[in-house]
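*Asks:* Here it is, the structure in full.
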Amino acid sequence: MSTAAAHDAHDHGPASGLSRWIFTTNHKDIGTLYLLFSLLMFFVGGAMAMVIRAELFQPGLQFVNPMFFNTMTTMHALIMIFGAVMPAFVGLANWLIPIMLGAPDMALPRMNNWSFWILPFAFTMLLSTLFMDGGGPAGGWTLYPPLVLQTGDAFPFVIFSIHMMGLSSIMGAINVVVTILNMRAPGMTLMKMPLFVWTWLITAYLLIAVMPVLAGAVTMLLTDKFFGTSFFSAAGGGDPVMFQHIFWFFGHPEVYILILPAFGIVSQIIPTFARKPLFGYSSMVYATASIAFLSFLVWAHHMFTVGMPLAGELFFMYATMLIAVPTGVKVFNWVSTMWKGSMTFETPMLFALGFVFMFTIGGFSGLMLAIAPVDFQYHDTYFVVAHFHYVLVTGAIYAIMAGAYYWLPKWTGNMYNETLGKWHFWLSTIFVNVLFFPQHFLGLAGMPRRIPDYSIQFTEFNVISSLGGFAFGLTQLLFAYIVISTIRGGKKATDQVWEGAEGLEWTLPSPPPYHSFTTAPVIK
Amino acid sequence: MNDAIRKTSLRLLLVTLAMFGFGFVMVPIYDVFCDWTGLNGRTADGPIANAQAYEIDSSRLVTVEFIASVNQNLPWEFQPEVVKMQVHPGQVYRTQFYARNLGKQAIVGHAVPSVAPGIAAQHFHKTECFCFTEQRFESGEGRWMPVQFVVDPQLPDKYEVVTLSYTFFDSGKTTTQQPRLEIL
């Protein structure tokens, strides 16, 4: 990102040219690679979303055929989840965990390089399926058999790319856990760690626990298709519903993998701009751990309509609602942190506040979906689409953007353009609501998801939603512009950057030297 | 790499491998769980022995519906003799399904039964069924296949209709191999 000049004669600076990025084992370089890769994938997945919204602008079939439409919904999800949100979090972890803990680097630097460089290959393979006979995967990102087994030549490529993404995440997660458990500076006890580090520790455990299960599930799909096994084929005594159980045993913890680091980011930002320490630090830690634990017990709430006995519906309904308790604790703590604080509203704080407000909206629609009897109405409608886009776009993505604005001056040594940042926030926030809020109404009225056409009574809300979508998509180009121009130059940032910022990363110069904390700081 | 880092890494690697295995262990767990609870509409794979032991409850009538379908675009005709029957719990009934191979090749198929609602499956027993074995059909051959069943009188009162559906699958042995009997 920047050419951090070696400030110390013992430091080896970065290698020059392209080989720096290919062979690097430096956590800052790898963090940068992850973040830029994530930004690229954000636009690739975003372009697919634009195709979806263009097709849904009017009833009837306009631009793409139904098969390609379904390929777009499937690929949009896979790319945004595994290509945009998860690598962004791993990139933030790489950049921040060592400098927050006073460690010189990640514990396993060579593996760190591997876990990043697998990703471009995985996604090249996934994207190449768009040009294969029979088209890309179109059965939805959940890969339910028997539909997914009808995928054409693309099928094994999709499966192997998921294997590679899983491998990358598992390696990243192991690295995070090993770093946090072994590389903390003297005096940095677990309960003194910044909350971002805590949420990532818990997320990493979730990743280690569930990504292998996904790998197993897709392997079973592969052998069902090519090697004559019948894990999910009723003809041989298997059961397609079992795939849903195995998939969601992975899938539900996965959605917390996509949000827990966001909780961590917001818990770093709000105290800085409220100029007060985080309210209820230890309750935040326990709430995060409780959410992670409960995530293993609620998977079947994605499958209320498969035909479960009443006891099952009730168990999964109550267990799901229980998650609202620790999540409520977190929202309460964020609000209490701001209570009577000396607040200022720079761009990171705006995005963090947008997160708290709109993630909570998504949380509430989640509670509505958790109610088994009404879920029969909402299941597979646009209400679900609206729900998970509120928690993922205005939740995860907003937190990532807040984090990007918050730490960008630290990473690059340059301040971003505050005026443009505020424009980016307000345009995004207006249009993201124009985009997703009407989808609640569409879903309640019964519009199904993953269908390229719809009844004409849904037209008005779809027009509004599509217009919001195009505007939101265009607004994100502003984000790319702000990031790139900040990398290239701008007003110099101070070491502390933000008046209220506390933590080890703010004691380093901006940008930090290529090798930092080679001698561990002592934490009082 | 120091020892502490090596130790933690190896432990986590072990957890990763264990969880990969756990994904596969979920398959038998699922089967055992479904057998144990009778969930999922699965019925027993073989005939039950004590079907005659039930006391016939002639005061109660349960409707049993029959559905037959063919999977994987098999060139088959497959249908039940009657679409529904009124039965007394505890009494053994017999009906039949007709299947005919419309294709040019012999096909070995397997009918997979499923009972809906799922909870009723554990109270629905077959004493004789063509679904227990694979069925071979020569090109153009058609035949009636019997199924004999009994509804357990312990079926909860709220279930008034039970649906038995069969789906015929190609067993993947659709080759030109000759039946062994002819060779012998």
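*Asks:* Please specify each residue of the range A:45-67 satisfying the condition of being buried (at least 17 other Cβ atoms within 10 Å of the Cβ), part of a helix (DSSP H, G or I) and not charged (D, E, K, R).
*Replies:* A:GLY45, A:GLY46, A:MET48, A:ALA49, A:MET50, A:VAL51, A:ILE52
*Asks:* Let me ask something else about it. So which residues in the range B:79-119 are within 14 Å of chain A (Cβ to nearest Cβ) and either in contact (Cβ under 8 Å) with a residue 60 or more places away in the chain or touching a His at 6+ places or on another chain (Cβ under 6 Å) (or both)?
*Replies:* Of everything in the range B:79-119, those that are within 14 Å of chain A (Cβ to nearest Cβ) and either in contact (Cβ under 8 Å) with a residue 60 or more places away in the chain or touching a His at 6+ places or on another chain (Cβ under 6 Å) (or both) turn out to be B:ILE107, B:VAL108, B:GLY109, B:HIS110, B:PRO113, B:SER114, B:VAL115, B:ALA116, B:PRO117, B:GLY118, B:ILE119.
*Asks:* OK, next. For A:THR344, which of the numbered conditions (1) farther than 24 Å from A:ALA77 by Cα; (2) touching a residue at least 40 places away in the same chain (Cβ under 8 Å); (3) not in a loop (DSSP other than H, G, I, E, B) fails to hold?
*Replies:* Of the numbered conditions (1) farther than 24 Å from A:ALA77 by Cα; (2) touching a residue at least 40 places away in the same chain (Cβ under 8 Å); (3) not in a loop (DSSP other than H, G, I, E, B), the odd one out for A:THR344 is (3).
*Asks:* Now, a different point. Can you pull out every residue in the range A:367-388 that is closer than 26 Å to A:SER267 by Cα and open to solvent by less than 30 Å² (accessible area, probe 1.4 Å)?
*Replies:* If the condition is that a residue be closer than 26 Å to A:SER267 by Cα and open to solvent by less than 30 Å² (accessible area, probe 1.4 Å), then A:ALA386 is the only one that fits.
*Asks:* Between A:LEU310, A:LEU314, which is at the interface with chain B (Cβ under 10 Å from one of its Cβ atoms) and open to solvent by 50 Å² or more (accessible area, probe 1.4 Å)?
*Replies:* Among A:LEU310, A:LEU314, only A:LEU310 is at the interface with chain B (Cβ under 10 Å from one of its Cβ atoms) and open to solvent by 50 Å² or more (accessible area, probe 1.4 Å).
*Asks:* Any chance you could count how many residues in the range A:157-200 are more than 20 Å from A:PHE250 (Cβ to Cβ), open to solvent by less than 30 Å² (accessible area, probe 1.4 Å) and not aromatic (Phe, Trp, Tyr)?
*Replies:* Residues meeting the conditions: 10.
*Asks:* So for the range B:2-25 (the condition being farther than 24 Å from A:GLY307 by Cα, open to solvent by 80 Å² or more (accessible area, probe 1.4 Å), assigned to a loop (DSSP other than H, G, I, E, B) and modelled with pLDDT under 85), does at least one residue qualify?
*Replies:* Yes: one or more hits.
*Asks:* Kindly evaluate A:ILE269 against the criterion of being open to solvent by less than 30 Å² (accessible area, probe 1.4 Å), closer than 23 Å to A:ALA107 by Cβ and part of a helix (DSSP H, G or I).
*Replies:* No: the conditions fail for A:ILE269.
*Asks:* Name the residues in the range B:136-166 that are touching a residue at least 60 places away in the same chain (Cβ under 8 Å) and within 15 Å of B:GLU81 (Cα to Cα), would you?
*Replies:* B:GLY142, B:TRP144, B:PHE149, B:THR163, B:LEU164, B:SER165, B:TYR166 - these are the residues of the range B:136-166 that are touching a residue at least 60 places away in the same chain (Cβ under 8 Å) and within 15 Å of B:GLU81 (Cα to Cα).
*Asks:* May I pose another question? Does the range A:206-238 hold any residues that are assigned to a loop (DSSP other than H, G, I, E, B) and more than 7 Å from every other protein chain (Cβ to nearest Cβ), and which are they?
*Replies:* Within the range A:206-238, A:PHE227, A:THR229, A:SER230, A:PHE232, A:SER233, A:GLY237, A:GLY238 meet the criteria.
*Asks:* Can you spot a residue in the range A:306-313 that is within 23 Å of the chain's Cα centre (by Cα) and assigned to a loop (DSSP other than H, G, I, E, B)?
*Replies:* No.
*Asks:* When A:GLY152 is evaluated against the numbered criteria (1) in contact with a Gly (Cβ under 8 Å, 6 or more places away or on another chain); (2) part of a helix (DSSP H, G or I), which criterion, by number, is the only one it fails?
*Replies:* A:GLY152 satisfies all of (1) in contact with a Gly (Cβ under 8 Å, 6 or more places away or on another chain); (2) part of a helix (DSSP H, G or I) except (2).
*Asks:* Report whether or not A:LEU127 is at pLDDT below 95, open to solvent by 20 Å² or more (accessible area, probe 1.4 Å) and under 27 Å from the mean Cα position of the chain (by Cα).
*Replies:* Against the criterion (at pLDDT below 95, open to solvent by 20 Å² or more (accessible area, probe 1.4 Å) and under 27 Å from the mean Cα position of the chain (by Cα)), A:LEU127 does not qualify.
*Asks:* Based on what the data block shows, is A:GLY187 on the phi > 0 side of the Ramachandran plot, away from chain B (no Cβ under 13 Å) and either modelled with pLDDT under 95 or more than 26 Å from the chain's Cα centre (by Cα) (or both)?
*Replies:* yes
Yes or no, residue by residue, for (1) modelled with pLDDT of 95 or more; (2) open to solvent by less than 70 Å² (accessible area, probe 1.4 Å); (3) more than 30 Å from A:LEU408 (Cβ to Cβ):
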residue: A:VAL432; (1), (2), (3): yes, yes, no
residue: A:LEU435; (1), (2), (3): yes, yes, no
residue: A:PHE441; (1), (2), (3): yes, no, yes
residue: A:GLY446; (1), (2), (3): no, yes, yes
residue: A:GLU460; (1), (2), (3): yes, no, yes
residue: A:VAL463; (1), (2), (3): yes, yes, yes
residue: A:GLN476; (1), (2), (3): yes, yes, no
residue: A:TYR481; (1), (2), (3): yes, no, no
residue: A:THR486; (1), (2), (3): yes, yes, no
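*Asks:* Is one or more of the residues making up the range A:341-351 surrounded by 22 or more Cβ atoms within 10 Å (Cβ to Cβ), aliphatic (A, V, I, L, M) and farther than 16 Å from A:LEU278 by Cα?
*Replies:* Checked the range A:341-351: at least one residue is surrounded by 22 or more Cβ atoms within 10 Å (Cβ to Cβ), aliphatic (A, V, I, L, M) and farther than 16 Å from A:LEU278 by Cα.
*Asks:* While we're on this one: Please determine whether any residue of the range A:389-408 is open to solvent by less than 30 Å² (accessible area, probe 1.4 Å), out of contact with any strand residue (DSSP E or B) (no Cβ under 9 Å at 6 or more places or on another chain) and farther than 30 Å from A:THR32 by Cβ.
*Replies:* Checked against the condition, which is being open to solvent by less than 30 Å² (accessible area, probe 1.4 Å), out of contact with any strand residue (DSSP E or B) (no Cβ under 9 Å at 6 or more places or on another chain) and farther than 30 Å from A:THR32 by Cβ, the range A:389-408 yields no hits at all.
*Asks:* Name every residue in the range A:233-251 that is open to solvent by less than 10 Å² (accessible area, probe 1.4 Å) and within 22 Å of the chain's Cα centre (by Cα), in order of residue number. Talk me through it step by step, then tell me what you get.
*Replies:* Of all residues in the range A:233-251, those open to solvent by less than 10 Å² (accessible area, probe 1.4 Å) come to A:242-243, A:246-247, A:250-251.
Scanning the range A:233-251 gives A:ILE246, A:PHE247, A:PHE250, A:GLY251.
*Asks:* Let me ask something else about it. Kindly evaluate B:VAL70 against the criterion of being more than 14 Å from chain A (Cβ to nearest Cβ), at pLDDT 80 or above and within 23 Å of B:ALA111 (Cα to Cα). Break it down stepwise before answering.
*Replies:* Working: more than 14 Å from chain A (Cβ to nearest Cβ): no; at pLDDT 80 or above: yes; within 23 Å of B:ALA111 (Cα to Cα): yes.
So B:VAL70 fails the test.
The values are calculated or read from the model by the stated rules, or taken from the named source; none is laboratory data. Only a predicted model underlies this, so the values are computations on that prediction, with no experimental measurement involved. Methodologically, a virtual Cβ is constructed for each residue, glycine included, from the backbone with ideal geometry; neighbour enumeration extends over all protein chains shown. With ligands, DNA and RNA removed, areas are computed over all heavy atoms of the protein, side chains included. Shrake-Rupley method; radii C 1.70, N 1.55, O 1.52, S 1.80 Å.
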